[in-house]
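Step one of this worksheet: look at the structure below.
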Amino acid sequence: MLGIAIFSMMLVSSFAQAEGCLKGAVAGGVVGHLKHHAVLGAVAGCAVGHHLAAQAKKQQVAAAK
């Protein structure tokens with residue numbers, strides 16, 4: 001199961017921008033593993049992590065202006 005989660009994280013991170021994705025995927029995979037949905041947790045964590053990183057980047061750009 002862990003191997004599948006790692007493979008899916010690598011697959012998702014290759015399609016998405018890596019910023020925030022890997023941290024979110026790891027956290028989501030761990031939480032998902034506790035609920036017996038590690039792969040789903042990793043994918044959702046990647047999406048959330050990427051979204052939060054994009055928001056933080058927008059805030060940094062706005063603060064620099």
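Coordinate-derived values only; no laboratory data. Here the structure is a predicted model, which is why all the values come from computation and not from measurement. Reconstructed Cβ throughout: ideal geometry from the backbone, glycine too, with neighbour counts over all protein chains shown.
Quick look at the values:
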read-out: Estimated distance in nm for a label pair at VAL30 and GLN59, the labels positioned 7 Å out from Cα along Cα-to-Cβ; value: 2.2
read-out: Partners for LYS35 among lysines (Cα-Cα distance below 28 Å; same-chain residues under 8 apart left out); value: LYS23
